[in-house]
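Contents: one structure, followed by commentary.
The values are calculated or read from the model by the stated rules, or taken from the named source; none is laboratory data. All values derive from a computational prediction rather than experimental measurement. As a convention, Cβ positions derive from the backbone with ideal geometry for all residues, glycine included, and neighbour counts pool all protein chains shown.
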Amino acid sequence: MRLPFLSMFMTSPFDGLEEHAEKVKECAWIFQHAVECHVSNRCKRFEELREEIIKMESDADAIKRRIRGHIPKGTLMPVDKFQLFRYLREQDSVLDAVEDALDWISYRSEPGIPDELQKDFLIFVDAVIDPIDELSRMVQEARKYFKNYSEEQRILVKEIIGSLRRQEHDADKHEDAIKEKALNMRSDPVTVFHMVRLAETIGSIADHAENAGDMMRAMIAK
């Protein structure tokens, strides 16, 4: 007999997962503003926005440690705690990739993105933000499922996971288009390398979001 997941805890671990997912989503929005700022040579707030994300990533780490530290040893769970931790690792890796992308931008003293790639990067970032927005909703709906094990609720979570996968695939196509264009534009090798690596790093944000969806699918599997 499957016992209600949330009844195993004085405080549900999904409280923390949901809080962490909201922090990830908030960071994604700031990341979007930071990239827009970087594209515009007139914007002077890039470093301020990057520092804000660094602070929020530290806050998210505290939430992650709290989740890991508040599952009593020996507690019976219908979801393996290592599945839970693997999910949390992927969700947290979204934040790490966001920070890595902004760090990579900051390493080069020359500001901005080549004119022929600016629109592509802005569209790409929009595409990467979409699956991150789904993470929070996925956790919220999964939490409801583990309260009542409703098949209808499980199907809803699976639909969100499917949507997340499609969004990640769309982000992949934008990444490939940017890399192809960067490798064929007339520019110095450092700029080309910087743009290709930046596209790969931004693309990894959506990759980790999809991986989190895969971990959630494993948790709700019958």
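Could you tell me which residue of the stretch 129-149 is nearest to residue 203 (Cα to Cα), considering only residues that are touching a Lys or Arg at 6+ places or on another chain (Cβ under 8 Å) and buried (at least 19 other Cβ atoms within 10 Å of the Cβ)? Among those residues, the one meeting the criterion is 132. Restricting attention to the stretch 25-41, the residues that are at pLDDT 95 or above and more than 22 Å from residue 134 (Cα to Cα) total 0. Using the structure shown, decide if residue 123 is of a type in the set (A, V, I, L, M), over 16 Å from the mean Cα position of the chain (by Cα) and surrounded by fewer than 19 Cβ atoms within 10 Å (Cβ to Cβ). So residue 123 passes the test. Once the stretch 81-115 is narrowed to residues that are among the basic types (Lys, Arg) and surrounded by 14 or more Cβ atoms within 10 Å (Cβ to Cβ), the residue that is farthest from the chain's Cα centre (by Cα) is 86. In this structure, residue 188 does not satisfy being modelled with pLDDT of 95 or more and either surrounded by fewer than 22 Cβ atoms within 10 Å (Cβ to Cβ) or basic (Lys, Arg) (or both).
Considering only the stretch 85-101, I want to know if a residue exists there that is of a type in the set (Asp, Glu), touching a Lys or Arg at 6+ places or on another chain (Cβ under 6 Å), at pLDDT 90 or above and within 21 Å of residue 142 (Cβ to Cβ). Taking every residue of the stretch 85-101 in turn, at least one turns out to be of a type in the set (Asp, Glu), touching a Lys or Arg at 6+ places or on another chain (Cβ under 6 Å), at pLDDT 90 or above and within 21 Å of residue 142 (Cβ to Cβ). Of the residues in the stretch 71-79, not one is part of a helix (DSSP H, G or I) and of a type outside the set (Phe, Trp, Tyr).
Going by the structure shown, is residue 110 of a type in the set (D, E, K, R) and in a helix (DSSP H, G or I)? Spell out how you get there, then give the answer.
Details: of a type in the set (D, E, K, R): yes; in a helix (DSSP H, G or I): no.
For residue 110, the condition - of a type in the set (D, E, K, R) and in a helix (DSSP H, G or I) - is not met.
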